[in-house]
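K.L.:
Let me begin by handing over the structure; questions about it come next.
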Amino acid sequence: SSASLRILASMPSRTIGRSRGAIISQYYNRTARLRRRSSRPPLQHLCRTARPSLRQYDLETDPARATLEDKRSLLVKELLSLSPGQRSHMLLTVPLSLAEKRALRQELSGQRGPPRQHRAPSSPCGWSKDNIALVRPGRGSARQPGGLRCRLRPRCSPHVPSPQSCRGLWYRLLSLLPAAQPWHYALKQIGGRFGSSVLSYFLFLKTLLMFNIVPLLILLVFVVALQAAYPPASASPRPFTGLELLTGAGYFTHSLLYYGYYSNATLNDPCASSPNSSACPLAAPPLPYNMPLAYVFSVGVSFLITCVLLVYSMSRSFGESYRVGSSTGDLAARVFSAWDFKVIQRRSVKLQSENICTQLKELLAEQRSRSRSLSLCQRLGHCAVLLLAWALALGTVLGCVLAVRYLSEHMHAVQQGHRARGSGQRWQEAVPLVLPLVVSLLNALMPHLYNLLALWERQDSPVARLYVAICRNLLLKMVVLGLLCYQWLSRRVVCSAEECWETCVGQDLYRFMVMDFIFTLLDTFFGELVWRLILEKRLKRKQRPEFDIARNVLQLIYGQTLTWLGVLFAPLLPAVQMLKLLLLFYIKKTSLMQNCRSPSKPWQASHMSTVFVTLLCFPSFLGAAVFLSYTIWSVRPSDTCGPFRGLETIYKSGKTWVQVLERSNPNIGWLAWAHQHLLQDTFLLFLVSGVLLAVTYFNVQVVRGQRRIIRLLKEQIANEGEDKIFLIQKLHAVYEQRER
């Protein structure tokens, strides 16, 4: 009834504790202050008689303006004096109902505001605040009809901009920051057309690109650039034939790309190359640059910074994905408040509508999957199928590992035979490509077999299907990489007499990266382009292949793992990885737009970024860190080349440097103490690990407590809703009795 509607309209939850008259009064005063601040010159530029009184007219405290119609008319009058951008922003922020806002807009459109007087421009810095739409950073905005103009301020120096104009220019620059981000529009286009699941792959690729920038800059500045400035006396370089781009050998062997090129001396010491250092007439440099120490510390610092960035990204991703509250109200929020009314360009409007439509499909599919239930017999049959499929998957992983091990030993014997017979140089460089070729072929073919197993399993949830595919592919790739790392550390690499075994390991990792990139391109060409042409031309189906997220994400993690494994043996390998990622982004985006379709079962990838970063951190980064730590602490380096020649382990270089400094200057004995108690003693490592575990435990407990409190608050809100329904029913019954 109308009486119940009046009661609902007057409830505190509908008016936020105030009446409509109070809301209109408050926004009238805010509008008046904004108009006076934007149109009136500063007080110091006016004479004393022209200054306004300090007693401003306040509708909230004046009883003479207590009627609602007077307040509404005054609010409309003040809104008409504002610019269109400020007027629209003010109407959006007023906490009134849609009917009230519609009535205000109609009243504003029926009246005409006073003509605005434009003044002559005098300063290039005098940006007018009246003609700048104030937007929040991070949201798109449309340019107002007034544009950006130079305005004159009374008695203002032409060379000194006013605070309001500088603030307006700052807001304008902040609004352009999101557009300056790399691939900003491309990511929006992908998310709007294919949903958050496909978008998560490209966001992960962008994250990997950021992770490679930091180690590359550190190694370039502290190792590569200085070694290029002081090149060692190495063998004459071989001629460039082009095959080096595939094999990584030949011309690249004695270059800055690999470990063996770097020297083990002080770079800026003029007596380092002299055979009789005691007879050197030149003085020692004031700041000697020890290349072995710089090499190991640059690698260690780059890994430490990468670890910090990974932990930060993982914690931030956890905070965004696994929020304390649930997402049961996301559907209502998308339906009623997802549209951005500041977007007016046709391309942006189409992109936003596609994005909202895709998000609604994902939310509806997620709710539909939650409502399904299976019987006991169906669950048992499904479990049996899952166990059999996993047995087949594990069997294929074991078979692939045995095949790689046999092929590796066979190729090792073949290479030794070719070197003993003195075969051609090109043939010796091409033979090592066989093992990376076979491993990359297995990595490209096995995911398709796992997709067939997924079709047999008939997983209802796309998220569960993706997790299963990721686990199987990750298990295959990590086990194969573990076998290869064991063979590399066992010195099962064939090198010439003048090459380091570290350089041979770096060449192997370079070959694996190049082969992985080539097979990724072939998979994109045959699995997406050729398959689309077959479906459309031969089979006459209006259907395109779907974008395989699991396979493509695992390819990125595999390539990044190879990069981290090879940082010690090839310092420029992060540059190769960055070039590979840049090419992959544009190739995958073009293939996605031209050859693929949106997922047949839309699903919301709210946790995908967290899962990807977690997989990158624990199996990938942790395994590479263990491999490099074992190499630095336990494996003896080459005796003929490299920055650590003649040492028992790479770790001994830091200890030797500390002893040399202590003998040369006894006043820095504290450095030896710090090296002994902070780096050699394991107590600090256990202490830091214990603190991290304690902080993690406390954070988990805090999140659990917050979830418990939110659950209690939701129960309280539900109880209050039932109380309101009860009161409304009682009031309705009372009004019915009065009408009778």
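K.L.:
Per residue of the range 376-393, in order, report the coupling 6.51 cos²θ - 1.76 cosθ + 1.60 (Karplus, θ = phi - 60°) as ³J(HN,Hα) in whole Hz, putting x for Gly and Pro.
P.N.:
Each residue of the range 376-393 in turn: 5, 5, 5, 5, 5, x, 5, 5, 5, 5, 5, 5, 5, 5, 5, 4, 5, 5 Hz.
K.L.:
Another question about this same structure. With viscosity set to 1.306 mPa s and temperature to 10 °C, compute the Stokes-Einstein D of the range 456-544, Rh being the Kirkwood radius across alpha carbon pairs; µm²/s, no decimals.
P.N.:
My calculation gives 94 µm²/s for D.
K.L.:
Starting from the amide H of ALA249, placed 1.01 Å from N in the peptide plane, find each other amide H under 5 Å away whose residue is 5 or more places distant or on another chain.
P.N.:
none
K.L.:
Using just the alpha carbons, could you tell me how many Å³ per residue the convex hull of the range 613-653 encloses? If you can, show how the numbers build up before the last one.
P.N.:
Details: hull volume 2.9 nm³, N = 41.
With only Cα atoms used, the range 613-653 gives 70 Å³ per residue.
K.L.:
Separate question: Using the alpha carbons of the range 576-647, what is the convex hull volume per residue in cubic angstrom, as a whole number? Walk me through the intermediate numbers first.
P.N.:
Details: hull volume 10.2 nm³, N = 72.
Cα-based convex hull of the range 576-647, divided per residue, equals 141 Å³.
K.L.:
Can you give the accessible area of SER353, probe radius 1.4 Å, in Å² rounded to 10?
P.N.:
50
K.L.:
Same structure again: Using packing as a proxy for protection, rank 533-541, 464-472 so that the peptide with the highest average count of other Cβ atoms within 10 Å comes first.
P.N.:
Those peptides, ordered most packed to least, come out 464-472, 533-541.
K.L.:
Related question: Among the listed pairs LYS101/LYS714; LYS361/LYS537; LYS188/LYS361; LYS101/LYS342; LYS206/LYS589, which are separated by more than 22 Å between their Cα atoms?
P.N.:
Violating the 22 Å Cα-Cα cut-off are LYS101/LYS714; LYS361/LYS537.
K.L.:
Above 17 angstrom, tally the Cα pairs of the range 482-616 and express them as a % of all pairs, no decimals.
P.N.:
67
K.L.:
Using Cα-only point scatterers and the Debye equation, what is log10 of I(q)/I(0) for the range 348-464 at each q in 0.10, 0.19, 0.21, 0.23 Å⁻¹, rounded to two decimals?
P.N.:
Each listed q maps to, in turn, -0.61, -1.06, -1.14, -1.22.
K.L.:
Same structure again: Can you list the HN-Hα couplings for the range 527-536, worked out from phi with the Karplus curve (6.51, -1.76, 1.60; θ = phi - 60°), rounded to whole Hz and with x for Gly and Pro?
P.N.:
After applying 6.51 cos²θ - 1.76 cosθ + 1.60, I find x, 10, 6, 5, 5, 5, 5, 5, 5, 7 Hz.
K.L.:
Relative contact order for the range 373-460 using alpha-carbon pairs under 8 Å, separation at least 6, rounded to a whole percent?
P.N.:
43
K.L.:
At a 1.4 Å probe radius, carbon and sulfur cover how many percent of the accessible area of the range 508-624?
P.N.:
Details: 2840 of 4370 Å².
Carbon-and-sulfur percentage of accessible area, whole number: 65.
K.L.:
Binned at 10 Å from 0, what are the whole-percent values of the Cα-Cα distance distribution for the range 415-455, short to long?
P.N.:
25, 30, 21, 14, 9, 0
K.L.:
Determine the per residue accessible area of the range 445-577 with all protein chains present and a 1.4 angstrom probe, expressed in square angstrom.
P.N.:
Working: 5170 Å² over 133 residues.
Heavy-atom SASA per residue in the range 445-577 reads 39 Å².
K.L.:
First select every other residue whose beta carbon is under 13 angstrom from the beta carbon of TRP183; then total the charges, Lys and Arg +1, Asp and Glu -1.
P.N.:
Every neighbour counted, the sum reads +4.
The values are calculated or read from the model by the stated rules, or taken from the named source; none is laboratory data. Since the structure is predicted, the reported quantities are computational estimates derived from the model, not experimental observations. Cβ: placed from backbone, ideal geometry, glycine included. Neighbour counts: every protein chain shown. Surface accessibility is based on the protein's heavy atoms, side chains included, excluding ligands, DNA and RNA. Shrake-Rupley method; radii C 1.70, N 1.55, O 1.52, S 1.80 Å.
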